[in-house]
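Have a look at the structure below, then the notes.
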Amino acid sequence: MKNLWRVLPFSFILLFLAGCGKQNLTALDPRGPVADMQHSLIGLSLLIMVFVIVVVAAIYVFVLIRFREKPGDNHIPEQVEGNKNLEIIWTAIPILLLIILAVPNVMDTFTLADTETDDDTLVVNVTGHQFWWEFEYPDLEITAGQDLYIPTDTRIVFNLEASDVIHSFWIPALAGKQDNVPGITNDMWIEAPEEGVYFGKCTELCGEAHWLMDFKVVAVDPDTFDEWAQGMAEPDSELIEPTEEVAAEGREVFEQNCLACHAVGGEGGNPQGGPDLTNFGERTVIAGFMEYDDESLEAWIRHPEEQKPGNLMPGFDQLDDDEMDSLIEYLNSLKVLDDE
Ligand code: CUA
């Protein structure tokens with residue numbers, strides 16, 4: 001029974017790690033050149049450390065057994081002072097190990113720090129807000145919230161900023177973390193060879209809902225990306241003036257209650273406001289973490305504070321059921337990619 005208590009903490013760690021794996025929130029399964037580089041540096045460091053531990057432990061055990069005091073034998077061992085050969089060996093080996101560690105580290109550091117851009121690079125300005133992410137594509141003149149769309153096989157350079165406090169931008173499968181600091185612009189680059197959804201997280205304690213400050217990277221083929229960017233820049237006029245009756249009513253409710261903070265199709269929003277909602281209907285989660293369905297959406301709009309403590313969105317519990325239904329219908333209709 002006593003031993004059970006010793007195992008318990010490890011079971012919890014395993015549980016957490018299992019949860020991480022589910023959302024590819026792990027640096028141990030790299031999916032791009034940057035993460036690959038960092039992964040092999042971790043591997044090399046680990047290998048060297050394990051080698052040192054094994055060798056030191058072996059010498060320790062050997063000395064412990066070989067030179068232990070034997071019963072009845074109480075002669076004093078020969079007294080020596082220093083051993084030149086040994087000292088050279090145990091100075092040279094660590095130096096050699098440090099060189100093996102340093103060379104790839106320094107080389108990769110230069111590669112990772114190189115955020116030079118050219119015509120083929122996609123630049124994204126990433127701003128951390130309490131508690132959501134803003135992705136501005138300056139060359140395409142579009143801004144997106146929460147879902148970061150990128151084309152595959154393209155060099156993406158991020159300029160990282162923050163509007164309020166320090167956040168930290170992390171997409172474990174694609175790259176290590178980098179801080180978003182107010183007043184300072186940090187940069188980093190990534191590349192995603194495979195299409196897919198990569199989960200990201202804020203990893204700097206930034207307030208009450210820090211742990212819910214999630215986002216997604218959606219890597220799509222370059223053609224789909226162009227279609228997406230086109231849709232974001234010039235969304236279907238239906239998003240602005242829906243033809244369907246319920247959504248049209250929803251658009252009105254949206255204009256009266258939401259447009260001051262949330263932009264749709266380049267209309268509305270403000271720098272201190274909430275995320276751009278032009279492609280809201282294509283999200284798979286609400287507010288970064290709630291499952292996307294009508295019930296959650298209503299719960300979020302009525303009482304956002306209960307879902308994500310400390311976020312700046314006021315609740316809209318004053319909307320009656322009809323207004324809420326049409327608003328949700330309108331939000332669901334906000335899409336820029338053709339359904340497949
Ligand atoms: Cu933003 Cu933690």
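Any read-out appearing in this document is the output of simple, stated calculations on the displayed coordinates, not a laboratory observation. Computed from a prediction, not measured in an experiment: that's the story for all the values here. Note: ideal-geometry Cβ built from the backbone for every residue, glycine included; neighbour counts use all protein chains shown.
Treating each Cα of segment 130-232 as an identical point scatterer and summing with the Debye formula, the log10 of I(q)/I(0) at q = 0.16 Å⁻¹ comes to -0.68.
Amide H contacts of residue 283 (H built 1.01 Å from N, in plane; Pro and chain starts excluded): no residue 5 or more places away or on another chain comes under 5 Å.
Give the calculated FRET efficiency between residue 24 and residue 85 to the nearest 0.05, with a Förster radius of 35 Å applied to their Cβ-Cβ distance.
Numbers: r = 51 Å, r/R0 = 1.45.
For R0 = 35 Å, the calculated efficiency reads 0.10.
List the residues of segment 81-102 whose backbone N lies under 18 Å from a point placed 7 Å from the Cα of residue 62 along the Cα-to-Cβ direction. Within reach of a label on residue 62: 83-94.
P(r) tail for segment 113-161: Cα pairs beyond 14 Å make up 50% of the total. Rounded, prolate or oblate for segment 87-138? Axes are the square roots of the Cα gyration tensor eigenvalues, ordered a ≥ b ≥ c, and the cut-off for rounded is a/c under 1.5. Oblate, because a/c is 1.5 or more while a/b does not exceed b/c. Approximating the spin labels as points 7 Å out from Cα along Cα→Cβ, the residue 246-to-residue 102 distance works out to 6.8 nm.
With N as its number of residues, segment 237-332 has a Cα radius of gyration that, divided by 2.2 N^0.38 Å, comes to 1.00. The distance between label points at residue 195 and residue 322 comes to 4.3 nm (points 7 Å beyond Cα on the Cα→Cβ vector). Scanning the chain for DSSP H helices at least 27 Å long along the axis (C-alpha atoms) with a Kyte-Doolittle mean no lower than 0.0 picks out 2-22, 33-66, 84-113.
With a cut-off of 12 Å between beta carbons, the residues surrounding residue 211 carry a summed charge of -1, where Lys and Arg count +1 and Asp and Glu -1. Amide H to amide H, with H built 1.01 Å from N, residue 155 comes under 5 Å of 122, counting only residues 5 or more places away or on other chains. Overall form of segment 139-196: prolate. Here a/c, set by the Cα gyration tensor axes a ≥ b ≥ c, is 1.5 or more, and a/b is the larger of a/b and b/c.
Computed from backbone phi, the HN-Hα couplings of segment 261-274 come to 10, 10, 7, 9, x, x, 9, x, x, 7, x, 9, x, x Hz, rounded to whole numbers (Karplus: 6.51 cos²θ - 1.76 cosθ + 1.60, θ = phi - 60°; Gly and Pro given as x). Mind grabbing the base-10 log of I(q)/I(0) for the chain at q = 0.07, 0.08 Å⁻¹? Debye formula, identical points on the C-alpha positions, no solvent, two decimal places. Calculated log10 I(q)/I(0) at the listed q: -0.43, -0.52.
With the Cα gyration tensor of segment 278-340 giving a ≥ b ≥ c as the square roots of its eigenvalues, does the rule (a/c under 1.5 for rounded; else a/b larger than b/c for prolate; else oblate) give rounded, prolate or oblate? It is oblate, given that a/c is not under 1.5 and a/b is not larger than b/c.
Ordering of 275-288, 110-123, 153-166 by packing is 275-288, 153-166, 110-123, highest average first (other Cβ atoms within 10 Å, averaged per residue). Using the Cβ-Cβ distance between residue 312 and residue 36 with R0 set to 41 Å, the FRET efficiency works out to roughly 0.60. Please report how far the C-alpha centroid of segment 215-279 lies from that of segment 67-115, rounded to the nearest whole angstrom. Rounded to whole Å, the Cα centres lie 61 Å apart.
Which FRET efficiency value, to the nearest 0.05, do you get for residue 51 and residue 238 by plugging their Cβ-Cβ distance into 1/(1 + (r/R0)^6) with R0 = 51 Å? Once rounded, the FRET efficiency stands at 0.20.
Residues whose amide H falls under 5 Å from that of residue 207, counting only those 5 or more places apart or on a different chain, are absent, with hydrogens built in the peptide plane.
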